[in-house]
Amino acid sequence: MSVKSLSAQKLLLLLIFIQLVLIFGHIYYQLYYWPKENLRIVYLDSERVKSRLSPYGPGLEQELVDIFCRQNGLKATWSKVENLEEGLKKLRLGLADLFIGLTTKDEFQDDRIRFGPAYLRNNFIVVHNRFRFPLRRPDELCRVVVFIPDKEIFEQKLISYQKKLSCSIKAKRLIPKMEKLYQAITKNKARFALTDRISFNHWHPYFVDVRKTYSFDDTFDYKWCWSTRYSELNSMLTVFWDNFFGSTEFFRLKEKYYGFFPSRIDYYELDHLMDIVELVLPKYDQYILEAARLYNIDPLLLVAMIYQESHFNPRAKSKTGVRGLLQLSLDTASYVGISNRIDPEQSILGGAKYLRFLGNKIIKEKGVNGWDGWFFALAAYNQGPGHLYDAMDLAKRLKKDHLSWMGLKEVFPLLSYKKYYRTVKRGYCRGFEAVDYVQSIRYYYYILHGLVVLGRPEAKHLASFLDFVPPDWPN
């Protein structure tokens, strides 16, 4: 063999060796090197993770991730997966750091995966179309096809339940989007569907023909799960949940996204709201948009407020003497400079001006910002700023969070009782009414925003309203 051919063989072997080193080095890098500035997240699509419907923010899970990343100097990258197994597989292979979805139990017995605390409680419910018979006995589920979302947890629930019933339940899985399930029930494509309470709260205002017919007693909890491959990241996530879970900021976040959903649903009210939006609101939208522009308020919030105050009756009058679309008192009308409370344009402009005044006052004097500031302003609009300040003082004395609506809505009702209102400066207050008022407006505001985002026919003329939302809203 010539020297030249030996040299060629050595060169070839060297090139093969270098290639193998690069391949194994890349595999090792993928498996064991964590780029510290990047948090790779895989998730199952849901309103809870990335919200379309809520005007209050991008979604509970996304805000939780944002808080974690800010605290640790990380940047999140999001990738959607179709099912639980795909998400867990990516964690095991080191292709993702964090999985957010319906990972409700840490029963997988896998050292490569760590679970955080249970931070949100939920339960399964069965829904039906209101024009068909509800579920009269549980075993009726065995006689029909039950629609379920294309997520393993719902199929597992039916499997476990059919063992209790000693029968077989036929299930039809739909694509993961919950919206499709509610559409199917609305169109009478099935008699029953299995869903969950949180999704039902999100979606039922837009599908009012879908009604809850059965609720399961057992509950399930949501948890984050993450890869334990990188000890530093594992430590960061553990410390985050140890400190954040149960904190005031954590409860504020849950209150913002879920605190306004009613425990009992008034379907007449929902139907009436849809009719008002479609048939009556167009008469006043020019005044609402002008008020939103002048006073830097989301016009959909003004719509929700008008509906709560007067159901869009310009001649509405309460037993306390307030009048008009935004139910202004004589003193308030004089303060904001309007002469005719039952004139729709004056009422809307005057009410918006007064709400903005209250918002500015609460922000500057009390330091309450963001959504809490607007919820406080609504409570002050309803009961007067003096009673709001009394509630804040009482919350402070009772060691509640006096700068958040979460804390104040616990305290406001106490001002209806002599034991408490005798201890504050302005005395008796209709505190229960204040809480109901704010919570109702929050709920209507959520519904209106969703109608626009979904492009529902009831709100076809509201699309332009989103163009009038202040760029820094709600600050």
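The listed residues ARG442, ARG341, ARG293, ARG112 rank as ARG293, ARG112, ARG341, ARG442 when sorted by accessible area, largest first, using a 1.4 Å probe. Applying a 4.7 Å Cβ-Cβ cutoff to the chain, the cysteines left without a disulfide-compatible partner are CYS69, CYS225, CYS429.
Got a sec? Charge dipole of the chain, +1 on Cβ for Lys and Arg, -1 for Asp and Glu; which of LEU60, LEU88, VAL144 is way out at the positive end? Toward the positive end, the furthest listed residue is VAL144. Taken over the Cα atoms of the range 233-299, the convex hull encloses 173 Å³ per residue. Computed from point charges on the beta carbon alone (+1 for Lys and Arg, -1 for Asp and Glu), the dipole magnitude for the range 265-375 about its Cα centre is near 600 Debye. In the range 73-147, what GluC sites (Glu not before Pro) fall in a loop by DSSP, with at most 14 other Cβ atoms inside 10 Å? Answer by residue number: GLU82, GLU107.
Placing LYS425, LYS223 in order of accessible area, with the largest value first and a 1.4 Å probe, yields LYS425, LYS223. Applying both filters, DSSP loop and at most 13 other Cβ atoms within 10 Å, to the chymotrypsin sites (Phe, Trp or Tyr not before Pro) of the range 117-190 gives PHE131. Rounded to the nearest angstrom and listed largest first, the equivalent-ellipsoid semi-axes of the range 171-307 from its Cα gyration tensor are 35, 27, 14. Rounded to the nearest 20 debye, the dipole size of the chain about its Cα centre is 680 debye, using +1 on the Cβ of Lys and Arg and -1 on the Cβ of Asp and Glu. Other residues with beta-carbon under 12 Å from the beta-carbon of GLU155 carry, at +1 per Lys or Arg and -1 per Asp or Glu, a net charge of +3. Just going by the charge dipole of the range 389-450, with Lys and Arg at +1 and Asp and Glu at -1 on Cβ, which of TYR420, TYR443, HIS402 is farthest out on the positive end? Going by the Cα projections, it comes out as TYR420. Look at the dipole of the range 238-387 built from charges on Cβ: of MET274, MET305, GLY321, the Cα furthest out on the positive end belongs to GLY321.
By the Stokes-Einstein formula, at 1.306 mPa s and 10 °C, the range 34-79 with its Kirkwood radius over alpha-carbon pairs has D equal to 142 µm²/s. Above 42 Å, the calculated P(r) of the chain contains 30 percent of its Cα-Cα pairs. Largest to smallest in accessible area, the residues ASP209, ASP467 fall in the order ASP467, ASP209 (1.4 Å probe, all protein chains included). When the convex hull of its Cα atoms is viewed from all sides, the range 376-452 shows a mean projected area of 4.8 nm².
Need the C-alpha centroid separation for the range 273-303 versus the range 144-221, integer Å. Centre-to-centre (Cα) distance: 35 Å. Between the Cα long axis of helix 248-258 and the first principal axis of the chain there is an angle of about 80°, rounded to the nearest 10. Taking 1.002 mPa s as the viscosity and 20 °C as the temperature, the Stokes-Einstein diffusion coefficient of the range 349-410 based on its alpha-carbon Kirkwood radius rounds to 188 µm²/s. Going by the alpha-carbon gyration tensor, a ≥ b ≥ c the square roots of its eigenvalues, is the range 153-226 rounded (a/c under 1.5) or, if a/c is not under 1.5, prolate (a/b greater than b/c) versus oblate? Taking the square roots of the gyration eigenvalues as a ≥ b ≥ c, the range 153-226 is oblate. For the chain, relative contact order (Cα pairs under 8 Å, six or more residues apart, normalised by length) works out to 14 percent. Can you give me the pair-distance distribution of the range 267-406, C-alpha pairs, 5 Å bins, whole percents? Cα pair-distance distribution for the range 267-406, in percent: 2, 10, 19, 21, 18, 14, 10, 4, 1, 0. Rolling a 1.4 Å probe over the heavy atoms of the protein chains gives the range 313-375 an accessible area of 48 Å² per residue.
The C-alpha atoms of the chain define a longest principal axis, and helix 231-244 lies at about 20 degrees to it. Can you tell me the orientation of helix 370-383 relative to the chain, as the angle in degrees between its alpha-carbon axis and the longest Cα principal axis, to the nearest 10? The angle comes out near 20 degrees.
Assuming charge only on the beta carbon of Lys and Arg (+1) and of Asp and Glu (-1), the dipole of the range 338-383 about its Cα centre is about 160 debye to the nearest 20.
The values are calculated or read from the model by the stated rules, or taken from the named source; none is laboratory data. On a predicted model such as this, the values are computed, not experimentally measured, just so you know. So basically every Cβ, Gly included, is an ideal-geometry build from the backbone, and we count neighbours across all protein chains shown. SASA here: full protein model, heavy atoms, side chains in, ligands and nucleic acids out. Shrake-Rupley method; radii C 1.70, N 1.55, O 1.52, S 1.80 Å.
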